[in-house]
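Notes follow the structure.
The values are calculated or read from the model by the stated rules, or taken from the named source; none is laboratory data. This is a predicted model, so every value here is computed, not measured.
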Amino acid sequence: MKKFLQNKKLLTTFIIIIIVLAVLGISVNLRRKRNTPLLIQSFGNDIVAVGARVVDVPVNLVSNGLNSAHSILNTQEENNHLKDQVTDLGQTKSRNASLEAENKQLKSALKLKSTLTSYSMVNASVISRSPDSWSDLLVINKGSTAGIRKNMAVMCGGGVIGRVVEVNAASSKVELITTTDKSANRFSVQAKAANGKNVHGIITVISGNNLAFTQVVDSNKLKQGTKVYTSGMGGNSPKGLLIGTVSSTTHDTFGLSDLIKINPAGEVNDPSVVTVIQRKVTG
C-alpha cells in the first residue's frame, strides 16, 4: 500500500509538471502567433499600468513641489548674493574713487620736493570740516607731536589752500585761503611781470569765495596765465609756494585800484590729504 501511495504521489507530481510545461508551451506558441497579448495578460498589464499611474501622480506632485521649493530657495539665495555683489561693487567704486583722489593729491605733494628744498613736508589727512564754516576751516590729523606749528602753510593738489591757525597734540586747525573772515592773516604774494620785475600784493577773497591779487603796483604788466607765488614776507610762510594763476585784471568797485582775479592752484573744494610745509632746522 505504501508503495502504491508513493508511486501515486510521484505520478501526480509528474502529471502536474507535464501540465505546467504544456501550458507554458501553448502560451509561448500563442504569443508568437498573436499580434496582441491574451485577454488575461492584457488585463493584468492594464491594471499594473493604471496602478503605476495612480502612484506616480502624487509622487510627481510631491517631487515637483520639492523641486520648485528648491528652485525658489536657490533663486532667493542667488538674488541675495547678487544684491551683496551690487552693494560691494558700489562700495568698491566709491573707495576706488576716494583712493584715486588721494593718490593724485599725494603725487602732487611729492612733486613739491624739487622746489621746496629748504623745507620739509608733513602729510596729513583731513578729519573734520564743518558745513557752516566750509570755506573757512578744516581739521587735520597731525599736530605738535608731528612738528606742526602755527602759521605753517598748507598745500593740496599742488597749490596753497591755507595756513595752520591752531595746534593741538594730535590735530591742527587750518584756516583756508578762501575764508571770508576779515581778520584772517592773508598771504603776501608776488608774480613776475612782463618786464621781468616782481609785482607784490596780498591775496583777498571777493564775491563767491573767488581769490584776488590786490594792492598791486603796475598790475597791467601781469598777463593772463601768470603764476602767483607766496613772497615769504607775510610771516612764517615760505617763499615760492604756488597760489594760482592770473585769470583776468579789472578794477575794484571804487575804480581806484586794480583787481587781479586768481584761479587757485590748490584743491580747496574737497581736500582729503594735505601737505604742511615745515621749515627745516639748520645748524
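Laid out as a table, the results:
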quantity: Residue within the stretch 152-169 that is over 15 Å from VAL122 (Cα atoms) and more than 37 Å from the chain's Cα centre (by Cα) present; calculated: no
quantity: Residue in the stretch 263-281 that is at pLDDT below 90 and over 30 Å from VAL139 (Cα atoms) present; calculated: no
